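For reference, the structure discussed in these notes is given below.
The values are calculated or read from the model by the stated rules, or taken from the named source; none is laboratory data. Just so you know, these numbers come straight off a predicted model, no measurement behind them. Please note: Cβ atoms are built from the backbone with ideal geometry, for glycine as well, and neighbour counts cover all protein chains shown. The area values use the complete protein model at the heavy-atom level, side chains included, leaving out ligands, DNA and RNA. Shrake-Rupley method; radii C 1.70, N 1.55, O 1.52, S 1.80 Å.
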Amino acid sequence: VLALFAPWVHRLAPRRSGWILASLPFVLTVYFVSHVGALAHGDTFRAAFAWVPFLGINLTFLLDGLSLLFCLLITGIGTLVVIYSGGYLAGHPQLGRFYAYILMFMASMLGVVLSDNAIALFVFWELTSLSSFFLIGFYHEREASRVAALQALLVTGLGGLALMAGLLLMGQIYGTLELTQMMAQGGGPLQSSPLFLPVLFLVLAGAFTKSAQFPFHIWLPNAMEAPAPVSTYLHAATMVKAGIYLMARVNPLFMGSEVWFWMLVGAGTVTMLLGAYLAMVQSDLKRILAYSTVSALGTLTLLLGLGTTRAAEAAMAYLLVHGLYKGTLFLTAGAVDHGTGTRDVNELGGLRGAMPITALAAGLAALSMAGIPPFFGFIGKEAIYVAALGSPTAQGLVTVAALIANLLFVAIGLIVGIRPFVGASKETPHPPHEGSIELWVGPLILGALGLVA
């Protein structure tokens, strides 16, 4: 509803519209935080509304520990991104439309992680693809933006159709479309069914395309044609993690299967190493961050595939770690581009004097990304090693792969979070300057949270 009215809100208060529109996701963040205590004691909250009852399709929403973590990422980082957008796109003639798109996307993502009905989840899943198409192609006068938006829509949309087929087959096997009712029956009915492998491949097609797993990873770096707040929100904190959410949600039904184990561990390991390597050979700040995000998504997929309690804990910890430091770095990359006119690391240096607050935020995030204690990133990486060493099979291979990726992440963190701000000053297209409060309050909060956590 707020998305529908966002253009009018911006028209009435153009300079303060970002702050006004961010009030809803902020209130939602507080609302979800208020449930932490109850959920920590094992409670869950469920609400159901009839939609197409004779087909078993209901709007059923479930808040448990898993969905709560994603809701906090969606609404918390969403609040800061909406505020940031008001400064980053200030004066843009279509900023009101942008607000409508990003709020539509936020609602869609909340629908994905809260839906307990398989068909409702699919509808929200495709709405994230549709709204991301508008956001990636926001600079629609550029051909590269239009091509990137179409590519993302085709890859994630086709994956979504495969997911729908998989969810419908699961509904036939279990006799229900409610995910909690499937979980109550356990993985036995599914894994003993002759449709098990088709369901597995269809569900993973949806998850892998959304979360940019090899060989579907290529759409994510191309999506960097979008404005910086879109890259932050969709491609670091939320949309690309919808596939991670799906794999985590259905993991109890597929866990124990060797095919599930090797598909997730194999694809996750390849994606993790390939993404880290490709990030190292880029010079554009956003493309470096995009490929390192691909690597992080591979790490999360690998952890979910291991199927142990330690691996699940590590995946959820690293999910939050990554959201905090990568959200910060995407926002600071946008601020650097906004303040200097370039994102090429070879053309940047010595910006700490002209952009001290941005430099501080980027430095905090870079240290967390590198896994330096006492930052939250250190805990996240230690959890990954504990999980890798506890792998049911191939402990050595998984641990060495994680170590190589994490070594590369140290270098990547230094390149994107430290290098532009130290050394001798370089001539840039615009005289470097700190942006308005909207451009630095978000990254500073997210960067600080990586230390506080």
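Details
- Among the candidates VAL345, VAL336, residue that is aliphatic (A, V, I, L, M) and buried (at least 21 other Cβ atoms within 10 Å of the Cβ): VAL336
- Taking the range 131-148 as the range and being assigned to a helix (DSSP H, G or I) and either touching a strand residue (DSSP E or B) at 6+ places or on another chain (Cβ under 6 Å) or in contact (Cβ under 8 Å) with a residue 40 or more places away in the chain (or both) as the test, the residues that pass are SER132, LEU135, ILE136, ALA144, SER145, VAL147, ALA148.
- Annotation note: Cβ proximity below 8 Å between a residue of the range 1-13 that is closer than 21 Å to SER108 by Cα and a residue that is outside any loop (DSSP other than H, G, I, E, B) and open to solvent by 100 Å² or more (accessible area, probe 1.4 Å) (sequence gap 6+ or interchain) occurs for PRO7/ARG97.
- Criterion: crowded, with 19+ Cβ neighbours inside 10 Å and modelled with pLDDT under 95 - qualifying residue of PHE98, PHE54, PHE32, PHE49: PHE98
- When ILE379 is tested against (1) open to solvent by 10 Å² or more (accessible area, probe 1.4 Å); (2) among the hydrophobic types (A, V, I, L, M, F, W, C); (3) within 26 Å of VAL452 (Cβ to Cβ); (4) part of a loop (DSSP other than H, G, I, E, B), only condition (4) is not met.
- When ALA50 is tested against the conditions (1) closer than 22 Å to THR180 by Cβ; (2) assigned to a helix (DSSP H, G or I), the lone failure is (2).
One line per residue, one yes/no per condition, for (1) open to solvent by 10 Å² or more (accessible area, probe 1.4 Å); (2) hydroxyl-bearing (Ser, Thr, Tyr):
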position	(1), (2)
VAL113	no, no
ALA118	no, no
SER129	no, yes
PHE134	yes, no
ARG146	yes, no
ALA149	no, no
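- The range 209-221: number of residues that are part of a helix (DSSP H, G or I) and surrounded by fewer than 24 Cβ atoms within 10 Å (Cβ to Cβ): 1
- Those residues of the range 179-204 which are within 28 Å of the chain's Cα centre (by Cα) and crowded, with 20+ Cβ neighbours inside 10 Å, in sequence order: LEU179, MET182, VAL199, LEU200, LEU202, VAL203, LEU204
- Here the range 353-372 is the region considered, the condition is being over 19 Å from SER425 (Cα atoms) and part of a loop (DSSP other than H, G, I, E, B), and the residue that is most open to solvent (accessible area, probe 1.4 Å) is ILE372.
- Any hit, the range 392-403, residues being closer than 30 Å to GLY256 by Cβ, touching a Leu at 6+ places or on another chain (Cβ under 9 Å) and β-branched (Val, Ile, Thr): yes
- From the list GLY76, GLY65, GLY91, the lone residue that is under 24 Å from the mean Cα position of the chain (by Cα) and surrounded by fewer than 19 Cβ atoms within 10 Å (Cβ to Cβ) is GLY65.
Let's see how each residue does on (1) of a type outside the set (Asp, Glu); (2) crowded, with 24+ Cβ neighbours inside 10 Å; (3) more than 27 Å from LEU360 (Cα to Cα); (4) touching a Ser or Thr at 6+ places or on another chain (Cβ under 9 Å):
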| position | (1), (2), (3), (4) |
| --- | --- |
| THR232 | yes, yes, no, yes |
| PRO252 | yes, no, yes, no |
| ARG287 | yes, no, no, no |
| LEU302 | yes, yes, yes, yes |
| MET316 | yes, no, no, no |
| HIS322 | yes, yes, no, yes |
| LEU329 | yes, yes, no, yes |
